[in-house]
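For reference, the structure discussed in these notes is given below.
The values are calculated or read from the model by the stated rules, or taken from the named source; none is laboratory data. As the structure is a computational prediction, the values presented were derived from the model and not from experiment. Quick reminder, even Gly has a Cβ in these numbers, built from the backbone with ideal geometry, and neighbours come from all protein chains shown.
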Amino acid sequence: MIIFKLIHHRLKHGNDDEFYRMQARDAIKWMRKHGVDFREGLLVLDLGCGHGIFGNELGNIGCEVVMADVNNWLCPDALAYRFIEVDVNVDDLSKLGQFDLVICSNMFEHIENTDKFLGNIKNIIKPGGMIYFSWTNWLSPFGGHEISPFHYLGPKLGTIVRDKMFSKKRLHTPYLNLFPTYIGTTLKDILTVSGLETIKTSPRYYSELSFITRLPFIREFLTWNCAVLARRPSA
């Protein structure tokens with residue numbers, strides 16, 4: 001259960017690179033436990049890579065990593081990796097190629113049309129390959145990102161109240177680059193995608209309590225960040 005380590009680190013050091021490396025290492029451990037074979041040369045796409053910290057951790061264990069995002073924000077440690085500029089809300093994902101493993105870490109809530117994304121994502125996964133994606137669901141304590149906890153007042157009113165109380169500039173605006181997402185709806189949507197099967201769903205920061213994600217309604221509040229591992233069947 002990594003959540004206590006993350007809270008301690010954030011209180012002491014803030015959101016530094018090590019804070020995100022800790023999350024990446026824990027996610028890799030979780031994926032390995034549920035069947036991902038991180039063999040030498042495994043072809044991985046870090047989609048929505050941000051600074052590339054997650055992808056760099058995969059590169060450190062021998063994976064062949066490709067970074068992709070709408071802009072190149074790669075940190076110095078990740079600059080050596082191949083980078084592809086892509087906007088998942090607009091571009092045809094097939095231009096990215098196919099991969100053994102696709103990582104979409106903390107990006108799902110930034111996708112405008114998640115149905116379209118899920119319908120297309122399987123095309124960039126090799127048969128037998130897997131996809132890991134996690135996101136901060138809207139009704140979790142931090143679902144509104146820097147608008148939290150005012151997001152519980154609703155996307156519009158919550159934003160207005162937050163902006164009146166704090167002068168600090170926001171990075172996210174609901175329905176512009178932050179979209180309310182729900183665990184129940186997302187899991188149901190994955191089930192409807194032909195050629196994609198769910199392997200495991202857990203709260204990302206306390207994956208030992210995976211049963212929470214099976215509890216309708218309650219899971220929306222108690223799962224601070226939801227992680228899903230899915231596979232494209234070989235046949």
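Quick check on Thr159: is it in contact with a helix residue (DSSP H, G or I) (Cβ under 8 Å, 6 or more places away or on another chain), part of a helix (DSSP H, G or I) and either among the charged types (D, E, K, R) or closer than 28 Å to Gly55 by Cβ (or both)? Even if it seems obvious, please write down each step before you answer.
Values: in contact with a helix residue (DSSP H, G or I) (Cβ under 8 Å, 6 or more places away or on another chain): yes; part of a helix (DSSP H, G or I): yes; either among the charged types (D, E, K, R) or closer than 28 Å to Gly55 by Cβ (or both): no.
Spelling it out, it is not the case that Thr159 is in contact with a helix residue (DSSP H, G or I) (Cβ under 8 Å, 6 or more places away or on another chain), part of a helix (DSSP H, G or I) and either among the charged types (D, E, K, R) or closer than 28 Å to Gly55 by Cβ (or both).
Condition check: in contact with a Leu (Cβ under 9 Å, 6 or more places away or on another chain), farther than 25 Å from Tyr20 by Cα and β-branched (Val, Ile, Thr). Does Thr186 satisfy that?
Values: in contact with a Leu (Cβ under 9 Å, 6 or more places away or on another chain): yes; farther than 25 Å from Tyr20 by Cα: no; β-branched (Val, Ile, Thr): yes.
Considered against the rule, which asks whether it is in contact with a Leu (Cβ under 9 Å, 6 or more places away or on another chain), farther than 25 Å from Tyr20 by Cα and β-branched (Val, Ile, Thr), Thr186 comes out as no.
Mind counting the residues in the stretch 185-208 that are surrounded by fewer than 14 Cβ atoms within 10 Å (Cβ to Cβ), assigned to a helix (DSSP H, G or I) and either in contact with a helix residue (DSSP H, G or I) (Cβ under 8 Å, 6 or more places away or on another chain) or touching a residue at least 12 places away in the same chain (Cβ under 8 Å) (or both)?
Of the residues in that region, 1 qualify.
Mind telling me which of the residues Asn89, Asn72 ends up being modelled with pLDDT under 90, under 18 Å from the mean Cα position of the chain (by Cα), among the polar types (S, T, N, Q) and assigned to a loop (DSSP other than H, G, I, E, B)?
Testing whether each residue is modelled with pLDDT under 90, under 18 Å from the mean Cα position of the chain (by Cα), among the polar types (S, T, N, Q) and assigned to a loop (DSSP other than H, G, I, E, B) leaves just Asn89.
Tell me whether the stretch 148-168 contains one or more residues that are on the phi > 0 side of the Ramachandran plot and loosely packed, with under 13 Cβ neighbours inside 10 Å.
no
Quick check, is Gly35 within 18 Å of the chain's Cα centre (by Cα) and among the small types (Gly, Ala, Ser)?
On the way: within 18 Å of the chain's Cα centre (by Cα): no; among the small types (Gly, Ala, Ser): yes.
No; evaluated as a whole, the condition is false for this residue.
Filter the stretch 40-65 down to the residues that are buried (at least 19 other Cβ atoms within 10 Å of the Cβ), touching a residue at least 24 places away in the same chain (Cβ under 8 Å) and part of a strand (DSSP E or B) and list them by number.
Val44, Leu45, Asp46, Leu47, listed by residue number.
Can you find a residue that is in a loop (DSSP other than H, G, I, E, B), without any contact (Cβ under 8 Å) to a residue 40 or more places away in the chain, out of contact with any Leu (no Cβ under 7 Å at 6 or more places or on another chain) and loosely packed, with under 11 Cβ neighbours inside 10 Å anywhere in the stretch 9-24? Break it down into steps so the answer makes sense when it comes.
Applying the first criterion (in a loop (DSSP other than H, G, I, E, B)) to the stretch 9-24 yields 14-16.
Restricting the remaining residues to those that are without any contact (Cβ under 8 Å) to a residue 40 or more places away in the chain gives 14-16.
From the residues that got through so far, the ones that are out of contact with any Leu (no Cβ under 7 Å at 6 or more places or on another chain) too are 14-16.
Of the ones still in play, those that are also loosely packed, with under 11 Cβ neighbours inside 10 Å are 14-15.
Checked against the condition, which is being in a loop (DSSP other than H, G, I, E, B), without any contact (Cβ under 8 Å) to a residue 40 or more places away in the chain, out of contact with any Leu (no Cβ under 7 Å at 6 or more places or on another chain) and loosely packed, with under 11 Cβ neighbours inside 10 Å, the stretch 9-24 yields at least one hit.
Is the stretch 114-128 home to any residue that is without any contact (Cβ under 8 Å) to a residue 60 or more places away in the chain, assigned to a loop (DSSP other than H, G, I, E, B) and out of contact with any strand residue (DSSP E or B) (no Cβ under 8 Å at 6 or more places or on another chain)?
no
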